[in-house]
Amino acid sequence: MSEKRKLVLFIATSLDGYIATKDDSLEWLFNVEGEGDNGISEFYDTVDTILLGKRTYDWIMDQEKGEFPYKNKNCYVFTKSSIEDTEYVKFVNENVTKFAETLKSLDGKSIWIVGGGELLYSFMKEKLVDEIIVTIAPTILGNGIPLFKEGDYQLDLSLKGMRTFNQFAELHYVVKK
């Protein structure tokens, strides 16, 4: 029997826990001196499925000028609206738990939760996240969009590894079940 697929959050955050400024800017992140691509290519090779919230999807499409960056992966965008699928994206409007459990039961590589906060909150509240890889930038924003939304959930973690990419520190956790 093959190993069950993992649902993994891989994300960058400021030292004080924000993933973007209030106006959705990531400029602060690009001002930090990293090393190579800060491990993104290595991680990207371990996944074959990507999950996004609609707001994150819209932000990516705006930043990438309509050129979808994850063409070689199975991509699902969670939305409350009824939107027609595109060549590269399937839009999902169904129960997060059922959808995630179905994906995890299929053969394949890991599943990457790209963002955003509402989608991540849903997965964390239902204890569906298996691993969290957070890359911390040496920046304090003071306010913005928080990595972890306040809510009624608790996840206990076990540190799997740490590494640095020049000024970035990556922490890799496994969620205790």
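Observations, loosely collected:
- Available extension along the chain between residue 4 and residue 139 is 45.0 nm, counting 0.36 nm per residue and deducting the alpha carbon span.
- The listed residues 55, 5, 163 rank as 55, 163, 5 when sorted by accessible area, largest first, using a 1.4 Å probe.
- For segment 100-170: rounded, prolate or oblate by the Cα gyration tensor [a/c cutoff 1.5]: oblate
- Within-14-Å neighbourhood charge of residue 139 [Cβ basis; K, R +1; D, E -1]: -3
- When both segment 147-171 and segment 1-57 are represented by their alpha-carbon centers, they are found 12 Å apart.
- Here the dipole of segment 26-177 is about 480 debye; that uses its Cα centre as origin and unit charges on the Cβ of Lys and Arg (positive) and Asp and Glu (negative).
- Cα-based shape type of segment 25-87, given that a ≥ b ≥ c are square roots of the gyration tensor eigenvalues and the cut on a/c is 1.5: oblate
- Cα-based shape type of the chain, given that a ≥ b ≥ c are square roots of the gyration tensor eigenvalues and the cut on a/c is 1.5: rounded
- Taking every DSSP bridge with both residues inside segment 42-177, close to 50 percent are antiparallel.
- Paramagnetic reach from residue 37 (point 7 Å along Cα→Cβ, amide N under 19 Å) across segment 126-142: 133-136
The values are calculated or read from the model by the stated rules, or taken from the named source; none is laboratory data. Please read these numbers as outputs of a predicted model, since none were measured by experiment. So basically every Cβ, Gly included, is an ideal-geometry build from the backbone, and we count neighbours across all protein chains shown. Heads up: the accessible areas ignore ligands, DNA and RNA and are worked out on the full protein's heavy atoms, side chains in. Shrake-Rupley method; radii C 1.70, N 1.55, O 1.52, S 1.80 Å.
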